[in-house]
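Participant: I have a structure I would like to understand better, so I am pasting it below and will then ask my questions one at a time.
The values are calculated or read from the model by the stated rules, or taken from the named source; none is laboratory data. Since we're looking at a predicted model, the values are computed, not measured. Positions of Cβ are generated from backbone atoms using ideal geometry, with glycine treated the same way; all protein chains shown enter the neighbour counts.
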Ligand SMILES: [Ca+2]
Ligand SMILES: [Ca+2]
């Protein structure tokens, strides 16, 4: 599967090849390092996909002017902090088939723990791709670019950007962006993969949108994953962020972050049992008066198009309540998970 080994020398037209698993230098040409959990090709089931969602954790190359990443001091910020979420790309015009081949390779490598690199750091600043939150509906894909091909990174790499990805635990349950029923919750993280830190312990932290926070002690690792049951239980109309990081003596990994929301009723913007005009008013008050956002935000997406847009969503609700318009899509009228 290893199709290409990149090197600065290659860029200079020389023939020698250098492994990417060396310490990072300013001439590392990779645009994005990725540890992929899953890939979603669009349109679903099509033989010739037009777009790709790449879910996992990523470190994007900086823009050459010094970034804000953990490698700033040592390496001039050439790569940004690892971020979880998804990248969303459309096919690059003129390079459709090479892009589809790379996408297919990504699909095959998803979930295997194989860290990869792709894209071209030297043109990434023109592309402005970004890691999207798991709660953001896919829209306006960034243009994919081929760069130098897909690169597989050794699992014991000492190159800081991919090593950081392999040195982080990965939130698994509740999944990032998911919704779950109210009540007790168990947080589960996949252990980090890098062999340098296999004796690390794990620390979890959970915080709700009201600012209540709870942290675990340093936990012994499970065999492949580690879990923690906080005292904090899931409540309706509350949103949760949880973090997990690894710790071994003075070393601490980057923290991996995930969010989840409780089951909700679409359209139930203000937290009471009645669905009425006050819910539409609350949406508009959020838009125009800076009042509180719906909790969770998904409850305010009354028309279910994946976007919280207060005016169309408030109008949809008003038409339903007073003009016989269509009902909000599920979860409605009973609380339920995000579809
Ligand atoms: Ca209400
Ligand atoms: Ca909407």
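Participant: Determine which member of the set 90, 167, 133, 95 is over 23 Å from residue 190 (Cα atoms) and touching a strand residue (DSSP E or B) at 6+ places or on another chain (Cβ under 8 Å).
Facilitator: Working: 167 fails: over 23 Å from residue 190 (Cα atoms); 133 fails: over 23 Å from residue 190 (Cα atoms); 95 fails: touching a strand residue (DSSP E or B) at 6+ places or on another chain (Cβ under 8 Å).
After ruling out the rest, the residue left standing is 90.
Participant: Tally time: how many residues in segment 271-285 are crowded, with 20+ Cβ neighbours inside 10 Å and part of a loop (DSSP other than H, G, I, E, B)? Write out each step before concluding.
Facilitator: The first filter runs over segment 271-285 and keeps only residues crowded, with 20+ Cβ neighbours inside 10 Å, leaving 275, 279-280, 282-283.
Narrowing the set further to residues that are part of a loop (DSSP other than H, G, I, E, B) leaves 275.
Result for segment 271-285: 1.
Participant: List the number of the failed condition for residue 331; all other conditions in (1) under 24 Å from residue 55 (Cβ atoms); (2) within 16 Å of ligand 1 (Cβ to nearest atom); (3) within 21 Å of the chain's Cα centre (by Cα); (4) in contact (Cβ under 8 Å) with a residue 60 or more places away in the chain hold.
Facilitator: Of everything listed in (1) under 24 Å from residue 55 (Cβ atoms); (2) within 16 Å of ligand 1 (Cβ to nearest atom); (3) within 21 Å of the chain's Cα centre (by Cα); (4) in contact (Cβ under 8 Å) with a residue 60 or more places away in the chain, residue 331 misses just condition (3).
Participant: Which condition number in (1) outside any strand (DSSP E or B); (2) modelled with pLDDT of 95 or more; (3) not assigned by TED's automatic domain parsing to the domain that holds residue 335 is the one that residue 226 fails?
Facilitator: Among (1) outside any strand (DSSP E or B); (2) modelled with pLDDT of 95 or more; (3) not assigned by TED's automatic domain parsing to the domain that holds residue 335, the lone unmet condition for residue 226 is (1).
Participant: Go through 258, 246, 292 for me and flag whichever is under 30 Å from residue 226 (Cα atoms), touching a helix residue (DSSP H, G or I) at 6+ places or on another chain (Cβ under 8 Å) and away from ligand 2 (no atom under 16 Å from the Cβ). Can you show your working first?
Facilitator: Details: 258 fails: touching a helix residue (DSSP H, G or I) at 6+ places or on another chain (Cβ under 8 Å); 292 fails: under 30 Å from residue 226 (Cα atoms).
Just one listed residue meets the conditions, 246.
Participant: State the number of residues belonging to segment 286-318 that are at pLDDT 95 or above, within 16 Å of ligand 1 (Cβ to nearest atom) and either over 27 Å from residue 176 (Cβ atoms) or in the same structural domain as residue 178 (by TED's automatic domain parsing) (or both).
Facilitator: 4
Participant: On to the next question. Regarding residue 321, is this residue modelled with pLDDT under 95, on the phi < 0 side of the Ramachandran plot, surrounded by 14 or more Cβ atoms within 10 Å (Cβ to Cβ) and not assigned by TED's automatic domain parsing to the domain that holds residue 218?
Facilitator: Numbers: modelled with pLDDT under 95: no; on the phi < 0 side of the Ramachandran plot: yes; surrounded by 14 or more Cβ atoms within 10 Å (Cβ to Cβ): yes; not assigned by TED's automatic domain parsing to the domain that holds residue 218: yes.
Spelling it out, it is not the case that residue 321 is modelled with pLDDT under 95, on the phi < 0 side of the Ramachandran plot, surrounded by 14 or more Cβ atoms within 10 Å (Cβ to Cβ) and not assigned by TED's automatic domain parsing to the domain that holds residue 218.
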